[in-house]
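The values are calculated or read from the model by the stated rules, or taken from the named source; none is laboratory data. Bear in mind the structure is a predicted one, so any value in this text is a computation, not a measurement. Note: ideal-geometry Cβ built from the backbone for every residue, glycine included; neighbour counts use all protein chains shown.
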Amino acid sequence: MQGLFDLINIPFSWVIRFFYGLTDNYMIALLFFAIVVKLVLFPLGIKQQKNMVKQASLRPKEMAIRAKYAGRTDQATQQKMQNEIMTLYQNENYNPAGGCLPMLLQLLVVWAIYQIVYGPLTYLCGMSAEAITLLKEGIKVLTEAETYTGNQIQMLHDITVLTVPKVLEALPSLEGFTAELGASIEDILVNNWPNMTVFGGKLDLSATPTVAINILLLIPILNLVTTWASTKITRKFSYQSPDAAEQMNSSMKIMEITMPLMIFWMAFNLPAALGVYWIFQNVLGVLQSFILSKMYPYPKFTDEELKEAVKSINQGPKKDKKPAAASTGSTNGTKKRSLHHIDDEDYPEQPAQPAKNKKKQTPAEDEAPAAETVSETEAEDKPGETGPVGFAPLKDDDRHK
């Protein structure tokens, strides 16, 4: 992994070394260095912005799908809704994970960049690892400490406090010292020692801020303000899907509070140079979000376009709804169906069953008019016309004359 970081660190170390040699001011060199880093990562920002614009263009159709299933929280309905949204993404050639790769690459590069800011002796002065180890041992001896675990920026501060001549005098008595190694250390400490002070020596970027009324206290305070403001502003310039907005609304509010506080605490435990670099990154990050939002703005939709999106989602052949009794499923181990009829197409259409105990009629009977019925009372009142109920009337016969 270190070899991969070196592929990034070595070219960028030339950049910060160039700006420091040009300005002889480490804070200005950090500012120009942060600008170059943002410019290098700008194409990845464009890729991520385009992906969010594509997702925003699908918002009306996505909202129409969600509105179709509004108020339904059962698992079958939610799964059906997600499937329709994913089908919409596939039909529109949109990949929801398309913005993750640029973000991961940016994090990888930023992590490598922090090593450059964190290691000025290696990347700014070109000091070898053996020389840095020997210097740490010399600082430990001079400070009479049991161990010394300071980073390279802290070493710059400690050597400045101990003075360079005193450190050089302590090196020959240390294990691992050689004349060649001592000469290279002396050349850097005397001729190529980075100046970490700015504003006429009032601010030492190699020092660590403390809770005291001095100029160093501004570093944690500015980190707190810029981190909170950048999180707030960048969120307004970024697009969030309706699903993510609902699920992450509370978590984002928590992050807007906890992240600035965490950076504020870290600024009290790290050298001021890192805090200054974070401030530059926060300001440039907001500027980049603003520029990208103007280059690739999010689409705005009229009421007619929203209605057309709803119509395109809801169009298609309508299917007959099944009876309520059939949609509840059976109790003999078969799969239960949704009460909302969202999965009707998953079940084949069943042929209509003929009614039981129904008398089959002939075509003649279907066409013949219904015979008039005579009540039993009417039959008794008119005995000459009809016989008993159910019998035909008697015909005239010569035998009865």
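Couple of notes before you dig in:
- Matching residues, the stretch 46-83, being more than 30 Å from L287 (Cα to Cα), in contact (Cβ under 8 Å) with a residue 24 or more places away in the chain and assigned to a helix (DSSP H, G or I): K61, E62, M63, A64, I65, R66, A67, K68, A76, T77, K80
- Residues located in the stretch 91-136, provided they are aromatic (F, W, Y) and either assigned by TED's automatic domain parsing to the domain that holds Q288 or surrounded by 19 or more Cβ atoms within 10 Å (Cβ to Cβ) (or both): Y123
- Selected residue [closer than 30 Å to N192 by Cα and of a type in the set (G, A, S)] from G98, G119, G71: G119
- Residue that is modelled with the lowest pLDDT [pool: residues in the stretch 62-84 that are buried (at least 19 other Cβ atoms within 10 Å of the Cβ) and in contact with an Asp or Glu (Cβ under 8 Å, 6 or more places away or on another chain)]: I65
- Of the residues making up the stretch 129-148, none is touching a helix residue (DSSP H, G or I) at 6+ places or on another chain (Cβ under 9 Å), part of a helix (DSSP H, G or I) and modelled with pLDDT under 85.
- Which numbered condition N9 fails, given (1) of a type outside the set (G, A, S); (2) under 25 Å from the mean Cα position of the chain (by Cα); (3) modelled with pLDDT under 85: (2)
- Taking helices (runs of 4 or more DSSP H) as the structural unit, those lying wholly within the stretch 193-298 and holding at least 1 residues that are at pLDDT 85 or above and more than 27 Å from the chain's Cα centre (by Cα) correspond to 218-237, 272-295.
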